[in-house]
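S.K.: First the structure, which I've put down as C-alpha cells, then a few questions once you've had a look.
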Amino acid sequence: MGTKKTAISTAAAGLTALLLATGCSGGADDDGGGAGDEKAQPRPVISEGQARKVLERYVETNNAANAALDRKALGEVEGGALYQQSQAQYRQFPTYEKKYQALYKKPFRYRADEAQYYIPARGDWYMVDAPVEGPGYDEGDRSLLVFERAGGGTWKNVASVGIQGRIPEVARGDGGLPTVLPPGTEVGTTALDGLDDAVNDLYVSGGKKDGKLLADSEVRKNMVKDHATRRDWIRPEHDGYFETEFESQNRKWDDAYKPAFPDVYALRTADGGALTVFNSYDARVDFATRPGFHIIPGDATSLYVKEKEPLGVREYYAVQNAAHVPDEGKVEQLGGEVEMIGAS
C-alpha cells in the first residue's frame, strides 16, 4: 500500500471526496524454517530472524513499487485485501492532490528490530506489531501486520492496520508460541467470523444492530460519523431529491467488488480473549429520488463509472480491521483502514 498515514477508519466520502487509506507494504520470500528443540518443542512456522528479514524486504520492495506505481512488483510481496486496496490506490493516484501524490511516493519503514513477532506453530500466517515511521506518521505510530504464505512458499503482507494504544497480551502455549483460533471460534458470546457484520452495521445503521457489540472508541466514532454525515453533501434546496445509504453485500453488488477476502486472523490472548485482524466490505449508494435528477461522480469514482450523469452510484469499500475480543464484555476496535476499491 501507500506510504501515507490513513485516518483511523474514515470511510468515504461522497461524490467528490477522495479517500486516501494508509497501507504499507513489505514482503519477502522465506524458506519457512523454524527454531527450537525438534523433539520436545513445537517449531514456529518461520523463525523470528527470518520474519525480520521478511519485514525488511517488504518495506524495501514496497517503497520501490510505490515510487514507480508498479503493481506487478508490489504483488510479489503483498496479497489479500491489502493488495486489493493498494491496487485501488495506484489506479486512483492521478486524482490525488499533488501534495498527497508527493507524500505517497516518499519512503517509510517499519522498525523491524523493535517489532513484536507473534509466530504460531501451525498454519500459514503470523502477526507482527511494528513501529512505523516516515512522512505522514507521528512518533509512536504502530501497525499490526499479517504475513501469509502464498504459493511457492513466499510470505506476503495481507493486512496492515494502524492501531491505537497497545495490543492485548498474547497468550503463549506449548513452546512459548501463540495459539491460533479458527475463524469460526466463539469467544464469550462473540463469533469471530461475525465481526465483519458488526463493523458494517456502524455504516449501515450507525451501530444500532450488530454494531452494539463494539465498545466505544475513536475507531467506532469515526465509522458511525460516516453514517451520520452521509447526507451532508445534499444541499438544503435538494433535500428530497437525492439520498445516500450504506449497505452490506447484496444481489445488486457488481461481481467484481463482492467480498474477495473475508479473512479472519486470530490469536488467543492472555485474558482468554482474542486478538483479531479481519476484513469487512461495505458500499455507499448515492442516488436521485426524483425524475430528471442525476448524480455526478467525483474524480476517483468516475474512473470506474463511465456514465457521466447516472441515476445513482455505488462505491465499494474494503476495510481492514484490528480488534480485541475479550472473554467478557464488548469488542474493542484497535484500528481500521478504509479504501474505496471500485464503483458501479
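The values are calculated or read from the model by the stated rules, or taken from the named source; none is laboratory data. Small disclaimer: the values here were computed from a predicted structure and weren't measured. Cβ coordinates were reconstructed from backbone atoms using ideal geometry, including for glycine residues, and neighbour counts include every protein chain displayed. Quick note on the areas: whole protein, heavy atoms, side chains included, nothing else; ligands and nucleic acids left out. Shrake-Rupley method; radii C 1.70, N 1.55, O 1.52, S 1.80 Å.
S.K.: How large is the accessible surface per residue of the chain, computed with a 1.4 Å probe and reported in Å² as a whole number?
M.R.: 43 Å²
S.K.: Shape verdict for the range 164-237, please, from the Cα gyration tensor: rounded (a/c under 1.5), prolate (a/b greater than b/c) or oblate. It would help to have the intermediate numbers written out before the result.
M.R.: Working: a/c = 3.91, a/b = 2.41, b/c = 1.62.
Verdict is prolate for the range 164-237.
S.K.: For the range 146-201 and the range 281-332, compute the distance between their C-alpha centroids and round to whole Å.
M.R.: The range 146-201 and the range 281-332 have Cα centres spaced 26 Å from each other.
S.K.: Turning to a different aspect of this structure: Could you name the lysines whose alpha carbon sits less than 30 Å from that of residue 208, not counting residues in the same chain fewer than 8 places away?
M.R.: 5, 221, 225, 252, 258, 330
S.K.: Further question on the same structure: Assuming R0 = 45 Å, can you tell me the calculated FRET efficiency for the pair residue 189 and residue 106, based on Cβ-Cβ distance, to the nearest 0.05?
M.R.: It comes out at approximately 0.50.
S.K.: Here is a follow-up. If you add up the charges near residue 206, with Lys and Arg at +1 and Asp and Glu at -1, over every other residue whose beta carbon is less than 12 angstrom from its beta carbon, what do you get?
M.R.: Taking every other residue near residue 206 into account, the sum is +3.
S.K.: In addition: If one takes the longest principal axis of the Cα atoms in the chain, at what angle in degrees, from 0 to 90 and to the nearest 10, does the Cα axis of helix 48-68 lie?
M.R.: 30 degrees
S.K.: Treating the angle as unsigned and between 0 and 90°, give the value, to the nearest 10°, between the Cα long axis of helix 195-204 and the longest Cα principal axis of the chain.
M.R.: That works out to roughly 20 degrees.
S.K.: Debye sum, Cα scatterers, the range 103-198, no solvent: what log₁₀ I/I(0) at q = 0.12, 0.14, 0.24 1/Å?
M.R.: Here log10 of I(q) over I(0) equals -0.50, -0.67, -1.38.
S.K.: Here's a follow-up. The range 169-231: which GluC sites (Glu not before Pro) are DSSP loop and have at most 16 other beta-carbon atoms within 10 angstrom?
M.R.: Listed in order of number, the matching sites are 169.
S.K.: May I pose another question? All other residues with a Cβ under 9 Å from the Cβ of residue 262 taken together, and with Lys, Arg as +1 and Asp, Glu as -1, what is their net charge?
M.R.: For residues surrounding residue 262, the net value is -3.
S.K.: So, counting K/R as plus one and D/E as minus one, what does the shell of residues with Cβ under 9 Å around residue 281 add up to? Kindly include the intermediate steps, with their values, before the conclusion.
M.R.: Numbers: positive: 258; negative: 196, 282.
Spelling it out: positives minus negatives among the neighbours equals -1.
S.K.: What is the spin-label model distance, in nm, from residue 48 to residue 306 if the labels are put 7 Å beyond Cα along the C-beta direction?
M.R.: Taking the simple label geometry, residue 48 and residue 306 are separated by 5.4 nm.
S.K.: Taking 0.36 nm per residue of separation and subtracting the Cα-Cα distance, what length does fully extending residue 225 through residue 122 add?
M.R.: 33.1 nm
S.K.: Specify the inter-centroid distance of the range 122-145 and the range 40-111, based on alpha-carbon positions, in whole Å.
M.R.: First find each Cα centre; the distance between them is then 12 Å.
S.K.: Note the angle between two axes, namely the Cα long axis of helix 80-92 and the longest principal axis of the Cα atoms of the chain, as a number of degrees from 0 to 90, rounded to the nearest 10.
M.R.: Helix 80-92 sits at roughly 40 degrees to that axis.
S.K.: Continuing with the same structure: How much length is gained if the chain between residue 71 and residue 205 is pulled fully straight, taking 0.36 nm per residue apart and subtracting their Cα-Cα distance, in nm to one decimal?
M.R.: Gain on stretching residue 71 to residue 205: 44.7 nm.
S.K.: Return the equivalent ellipsoid semi-axes of the chain as a descending list in whole Å, where each equals the square root of 5 times an eigenvalue of the C-alpha gyration tensor.
M.R.: 35, 23, 16
S.K.: Given a Förster distance of 35 Å, report the FRET efficiency between residue 296 and residue 113 from their Cβ-Cβ distance, rounded to the nearest 0.05.
M.R.: Numbers: r = 50 Å, r/R0 = 1.43.
With R0 = 35 Å, the Cβ-Cβ based efficiency is 0.10.
S.K.: Return the carbon/sulfur percentage of the accessible area of the range 207-344, one whole number, probe 1.4 Å, all protein chains in place.
M.R.: Of all accessible area on the range 207-344, carbon and sulfur atoms account for 47 percent.
S.K.: I'd like the FRET efficiency for residue 174 and residue 139, computed as 1/(1 + (r/R0)^6) with the beta carbon distance as r and R0 of 51 Å, rounded to 0.05.
M.R.: About 0.85, to the nearest 0.05.
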